[in-house]
Amino acid sequence: MKTAAELVLARSADDRPGLIFEGRTWTWAEVVDEARSRAAWLGRRHVGVLLDNTPDYVFLLAGAALAGAVVVGLNPTRRGEELARDVRHTDCELVVTDQPGLVSGLDLGGARVVDPSWADTPREGPGPEEGDLFVVIFTSGSTGHPKAVKVSHGRAVRSATGLPFGPDDTLYSAMPLFHGNALFSNLLPAFHAGCRVVLRRRFSASAFLDDVRTHRCTFFNTVGRAIAHINATSPSEHDRDHCLKWVLGPETSEADKAVFTARFGVPIFDGYGSSENAVILQPARRSLQPGPLGVAPPGTDIAVVDPATGEECPPARFDGAGVLLNPGEAIGEIVGRDAAARFEGYYRDPEAEATRLRNGWYWSGDLAYRDEEGTFYFAGRSGDWLRVDSENFTAAPIERILARAPGVAGVAVYPVPDVRSADQVMAALEMAPGHEFDPDRFAAFLQAQPDLGPKWVPAYVRIVDRLPVTGTDKVDKKPLRAEAWRTADPIWRRPPRTTSFEPMTADDASALERALDDNGRGHLMGVVA
């Protein structure tokens with residue numbers, strides 16, 4: 001099997017339930033029939049799909065596989081010119097949407113806006129080959145402008161065979177189909193295994209347990225903060241009344257994983273993989289610290305590399321309390337030194353490709369450290385470096401510690417300008433329902449953490465109703481860094497050489513910005529690397 005077309009056609013005589021959506025069920029054979037009806041008019045066009053998770057999205061994906069068309073997954077949380085730019089950049093000839101107001105009046109570069117029920121004159125053309133483009137996926141944009149990742153038919157097939165599903169499984173699909181997490185961890189593997197897919201229009205934490213119980217789901221995939229939202233729902237005596245076996249939840253915090261597993265009795269597996277498919281880490285069976293990203297699959301060459309020198313970083317060392325003793329030398333960028341062939345590139349973006357591929361190596365843009373056992377630990381994005389009092393460190397280890405604070409539901413750590421040089425640590429905290437930020441309790445918590453370095457202690461704490469996220473529910477630090485303390489949210493500051501926090505007033509903020517200006521550093525406010 002080499003193409004997504006073959007993956008779809010393998011289900012053409014399968015009369016078992018394949019797709020379940022809002023009270024209706026399609027057999028796999030019926031799904032393939034729907035796909036054929038779309039393939040008849042799709043041809044080999046580029047088709048932007050601007051839909052929630054609906055059966056039409058599945059039928060269009062499968063139809064494109066048969067026809068050799070290219071599906072461009074458009075993110076409905078993007079608006080205006082940003083959305084129009086995505087359509088134009090990927091050469092869409094059609095935009096299929098049931099929300100025409102999202103694109104009304106936009107310059108789509110000639111793309112025709114059509115309803116999901118629209119059909120055109122049948123088109124015929126050659127079938128797809130293994131290397132042909134099948135899907136374009138936009139990255140989340142958590143580290144910059146979203147990039148359009150190319151996914152070939154061959155990659156789609158390879159991704160469909162990597163998870164251990166059988167025909168008796170039922171996969172709960174609530175993550176957006178415009179993102180790789182849903183395609184590679186759920187829908188495409190379901191085509192391969194012939195198992196059922198329960199499709200939800202949009203993720204709902206409150207509906208999660210009822211859905212998985214009603215449909216006897218055995219698996220759920222997620223990314224970002226979905227698990228935190230589920231944990232925030234009210235407990236029930238039926239929390240363990242389900243058939244769920246396991247969850248694939250990259251970027252779920254250790255605290256959220258522990259709460260979810262204790263409550264629902266279901267393990268969450270992490271791992272690491274980017275939309276670009278160049279670097280994949282498998283879940284680690286054991287680790288020296290909590291929160292591992294995973295280990296390199298056998299036969300792959302994945303390393304932590306110093307971006308300045310190109311040399312591999314030495315292993316991380318820890319003291320008895322788990323404190324990372326050598327962050328300055330152990331933290332570097334995750335690099336796939338054999339990954340160039342797996343990365344299929346960005347659509348019409350040679351500059352971004354050149355940034356990722358340097359000297360034959362794939363540079364992920366993610367920071368990590370690796371222990372002596374070969375286990376990788378996340379240390380932040382490439383823009384997550386902080387420098388305080390001549391010490392360099394990254395945000396992720398601090399976030400893991402602050403997430404342990406009582407009542408904290410979410411954390412984002414980022415740099416803000418110091419008055420004289422380098423940075424200060426700022427943390428945005430989202431409190432769990434029913435909890436309020438207590439500055440004295442938080443200060444006492446910080447002092448009690450043996451693995452919190454003295455320069456890691458936040459100088460500023462911002463209390464937010466909800467952390468900003470990208471369209472795929474990953475925390476988006478860009479607006480937080482751009483705003484710093486220029487916000488209506490409550491800000492608490494820790495005066496120099498103290499351990500306590502006090503409210504930051506408008507006068508405090510004005511004085512701080514005057515001091516930045518006096519030291520020639522005012523221009524750094526709002527700068528996001």
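Below is a table of values for the structure above.
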item: Loop trypsin sites (Lys or Arg not before Pro), region 412-513, which have at most 15 other Cβ atoms in a 10 Å radius of their Cβ (DSSP); result: R420, R466, R486, R497
item: Exceeding the 32 Å Cα-Cα cut-off - candidates K455/K477; K150/K474; K245/K474; K2/K257; K2/K478; result: K2/K257; K2/K478
item: Cα-centre dipole for the chain with unit charges at Cβ (Lys and Arg positive, Asp and Glu negative), debye to 20; result: 360 debye
item: Neighbour-count ranking [beta-carbon atoms within 10 angstrom, fewest first] of D517, D306; result: D517, D306
item: Estimated FRET transfer efficiency when R0 is 30 angstrom, pair V464-E311 (beta carbons, to 0.05); result: 0.15
item: Net lengthening on full extension, N359/D33 (0.36 nm per residue, minus Cα-Cα); result: 112.7 nm
item: Net charge contributed by nearby residues that have their C-beta within less than 13 Å of A4 (K/R +1, D/E -1); result: 0
item: Helix-only mean residue ellipticity at 222 nm for the chain, each DSSP H run of n ≥ 4 adding -39500 (n - 2.57), per residue, nearest 500; result: -7000 deg cm²/dmol
item: R240 paired with D168, simple spin-label distance in nm, labels 7 Å along Cα-to-beta-carbon; result: 2.2 nm
item: Likely footprinting exposure, V47, V323, fewest C-beta neighbours within 10 Å first; result: V323, V47
item: Charge-dipole axis of the chain as Lys and Arg at +1 and Asp and Glu at -1 on Cβ define it, positive-most pick from G322, V408, G110; result: G110
item: Test item: Cα-centred dipole of region 385-524, Lys/Arg +1 and Asp/Glu -1 on Cβ, debye; result: 340 debye
item: R0 of 25 Å, Cβ-Cβ distance M1-R44: FRET efficiency to nearest 0.05; result: 0.75
item: Neighbour-limited loop hits for GluC sites (Glu not before Pro), region 362-399 (at most 16 other Cβ within 10 Å; DSSP other than H, G, I, E, B); result: E372, E373
item: Charge-dipole axis of the chain as Lys and Arg at +1 and Asp and Glu at -1 on Cβ define it, positive-most pick from V295, N519, V457; result: V295
item: Cβ-derived FRET efficiency at R0 35 Å, H145 paired with A205, nearest 0.05; result: 0.75
item: Approximate shape of the chain as ellipsoid semi-axes (Cα gyration tensor, √5λ), whole Å, largest first; result: 41, 25, 24
item: Alpha-carbon centroids, region 466-488 and region 145-188: separation in whole Å; result: 28 Å
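A short reminder: the numbers here are calculations on the coordinates, not readings from a lab. Source: prediction; values computed, not measured. A quick note on method: Cβ atoms are made from the backbone with ideal geometry, for glycine too, and the neighbour counts reach across all protein chains shown.
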